[in-house]
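Asks: Okay, here's the structure, questions in a sec.
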Amino acid sequence: MSVDRTAFKTGALVRQACRSGEFTGQTSGLAPGFAQANLVILPQAEARQFQEFCEKNPKPCPLLEVTAPGDPCPHRLAEAADLRTDLPRYRVWRRGELVDEPTEITSLWQGDMVAFLIGCSFTFEAALIAAGLSVRHIDQGVNVPMYRTTIPCESAGMFSGPLVVSMRPFKPADAIQAVQITGRFPAVHGAPVHLGFPEQLGITDLSSPDYGDAVTVGRDELPVFWACGVTPQAVLMQAKPEFAITHSPGCMFVSDLKDSDLAVD
C-alpha cells in the first residue's frame, strides 16, 4: 500500500504512523520544519565511552539528547515519543554484525539502555529548499547517498572508525550558497566537510554508495559532502560491542523540535 508522504506535516504524525506500522520508509522530506535525528542505543556500560566519542567528533555526531538509562522517551525532543516504536525501521547489531532490521524494538529494550539522538542533515534540507536549491535525492524520491571515507574519527575508549559522509550535488554557485545555509545549523552537522574530488575522501565511485541510493550528478555539478550521523554504525562495526541498536540509514526519528530552534545567526 502506497503512503501519501505529503500527509506527514508534523513529527507527531510521522511517529504515529511508525508506531502503527503504517510507515516504514525513509524520512527525508517528511514533516518539513521539524528536526530529525539519528539514533544509537547502547547498554549503560558502553554508553559513557560512546558519549565521549560523540563529544570528540561533533561534526558527524552532534548530540541533541541523551536519555536516562532505561527511559525510552527523549523528553527534550518529543515528550510523548517512544524510541522503541517511533522510527520507521531499526538496525540490531551484535558484536559488530548487523543481525536484524525490525520496525519496532520493544522486545529488545532493556532496563539499562541509553539512547543517543544525534543531529541529522535532513533537518537543514528544508532550509536549502526554502532558498530555492534543489535537493537531488528528494527530487528523485530516493534515500540520500552516504559513503564510508578513509578519514578516521577521533577515538574514545573502544569506539573508533571512519567518517561517513552524505552527498548532495550542486552547481558551483549553488554549492557556495549551500555552505552558507548549512553553516547556520551546527547541531545537525553544519557546513560541508568537503567539496568535489571524492577520491580525496577515499570514495572511488559515486554511483555505488555504502548506504542509501545513488543520485544523478551532472557534469557541471560538484558533489558536496556533509559529515553524516551514520558514522556511528561504521564505528559499531569496528568496535563490536556485545549489543547495540541504531536507526536504519535514512529512517530517522522525527522530533517536535523545530529546525529554526537549531539555527544560529
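Asks: Can you give the local net charge around CYS153? Use residues other than it whose beta-carbon is closer than 15 angstrom to its beta-carbon, Lys and Arg +1, Asp and Glu -1.
Replies: For residues surrounding CYS153, the net value is 0.
Asks: Sticking with this structure for a sec: Rounding to the nearest 20 debye, state how big the charge dipole of the chain is about its Cα centre with +1 on each Lys and Arg Cβ and -1 on each Asp and Glu Cβ.
Replies: 160
Asks: Something else about it: Run through every distinct alpha carbon pair of the stretch 179-265 and return the Kirkwood hydrodynamic radius in angstroms, one decimal place.
Replies: By the Kirkwood definition, the hydrodynamic radius is 15.5 Å.
Asks: Moving to a separate point now. Taking a ≥ b ≥ c as the square roots of the Cα gyration tensor eigenvalues, with a/c under 1.5 meaning rounded and otherwise prolate when a/b beats b/c, else oblate, which class fits the stretch 115-264?
Replies: It comes out oblate by the Cα gyration axes.
Asks: I'd like to check one number: the per residue accessible area of the chain, probe 1.4 Å, reported in Å² as a whole number.
Replies: 41
Asks: Once phi is turned into ³J(HN,Hα) by the Karplus curve 6.51 cos²θ - 1.76 cosθ + 1.60 with θ = phi - 60°, what whole-Hz value does each residue of the stretch 241-255 show in order, with x for glycine and proline?
Replies: Here the 3J(HN,Hα) series is x, 4, 7, 7, 10, 9, 6, 6, x, x, 9, 8, 7, 9, 8 Hz.
Asks: Here's another thing I want to ask about it. Using modelled amide H (1.01 Å from N, peptide plane; none on Pro or chain starts), what sits under 5 Å from the amide H of VAL114, excluding residues fewer than 5 places away?
Replies: So VAL114 has HN proximity to LEU42, GLN44, GLY70.
Asks: Just name one of PRO198, GLN233, SER166: the one whose Cα is farthest towards the positive end of the charge dipole of the chain (beta-carbon charges, Lys/Arg +1, Asp/Glu -1).
Replies: So the residue we want is PRO198.
Asks: Hey, another quick one. Could you tell me the calculated FRET efficiency between ASP112 and THR216, based on Cβ-Cβ distance and R0 = 45 angstrom, to the nearest 0.05?
Replies: In this case the efficiency is close to 0.50.
Asks: Continuing with this model, one more query. By the scheme Lys and Arg +1, Asp and Glu -1, what is the net charge of all other residues having a beta-carbon under 13 Å from that of GLU55?
Replies: Here the count lands on +1.
Asks: Output the Kirkwood hydrodynamic radius of the chain, Cα pairs only, in Å rounded to one decimal.
Replies: Final number for the Kirkwood radius of the chain is 18.3 Å.
Asks: Let me ask another. Using the Karplus curve 6.51 cos²θ - 1.76 cosθ + 1.60 with θ = phi - 60°, what ³J(HN,Hα) values do you get for each residue of the stretch 95-110, in whole Hz, with x for Gly and Pro?
Replies: Result, rounded to whole Hz: 6, x, 9, 6, 10, 6, 10, x, 9, 7, 10, 4, 6, 8, 5, 10.
Asks: Return the long-range amide H neighbours of LEU64 (sequence gap of 5 or more, or a different chain), with a cut-off of under 5 Å between placed amide H atoms.
Replies: LEU117, ILE118, GLY119
Asks: So what is the calculated 222 nm ellipticity per residue for the chain, using -39500 (n - 2.57) for each DSSP H run with n of 4 or more, over all residues, to the nearest 500 deg cm²/dmol?
Replies: -6000 deg cm²/dmol
The values are calculated or read from the model by the stated rules, or taken from the named source; none is laboratory data. Just so it is clear, the structure is predicted and the values come from calculations on it, not from any experiment. Cβ: placed from backbone, ideal geometry, glycine included. Neighbour counts: every protein chain shown. With ligands, DNA and RNA removed, areas are computed over all heavy atoms of the protein, side chains included. Shrake-Rupley method; radii C 1.70, N 1.55, O 1.52, S 1.80 Å.
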